[in-house]
1. Name every residue in the stretch 31-63 that is farther than 17 Å from Asn15 by Cβ, modelled with pLDDT of 80 or more and either not in a loop (DSSP other than H, G, I, E, B) or not basic (Lys, Arg) (or both), in order of residue number.
2. Please work out which one of (1) at pLDDT 85 or above; (2) open to solvent by less than 90 Å² (accessible area, probe 1.4 Å); (3) part of a strand (DSSP E or B) is the condition Arg19 fails and give its number.
3. Tally time: how many residues in the stretch 4-16 are more than 9 Å from the chain's Cα centre (by Cα) and surrounded by 14 or more Cβ atoms within 10 Å (Cβ to Cβ)?
Amino acid sequence: MNVRIGAVSSVDTINRTARVSFADKPSENGRPLVSAPLAIMQNPPVISSISVQPWLPKVGQTVLCIFLPNGEGDGVIIGGL
């Protein structure tokens, strides 16, 4: 299992996935490596005013990701830091 810390680069609220940028691992073009869409682990909901919403990371937020050792980049965002 591979654990990495990166910054959220985009969020898909419908599918509850996000892409994460890893500045410590540049891609071939020199830009930070960006993950495929990662599932977001279910967390307790955030209560905002009178509506209850599931937690989703914001673009630019630092998150902790766990990747499976299958070599295909499958992973999960387990929470914000």
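The values are calculated or read from the model by the stated rules, or taken from the named source; none is laboratory data. None of these values were measured; they are calculated from a predicted model. Backbone-built Cβ (ideal geometry, glycine too); neighbour counts: all protein chains shown. Please note that ligands, DNA and RNA were not included when accessible areas were found on the heavy atoms of the full protein model with its side chains. Shrake-Rupley method; radii C 1.70, N 1.55, O 1.52, S 1.80 Å.
1. Across the stretch 31-63, the qualifying residues are Pro32, Leu33, Gly60, Gln61, Thr62.
2. (2)
3. Residues flagged as more than 9 Å from the chain's Cα centre (by Cα) and surrounded by 14 or more Cβ atoms within 10 Å (Cβ to Cβ) within the stretch 4-16 amount to 2.
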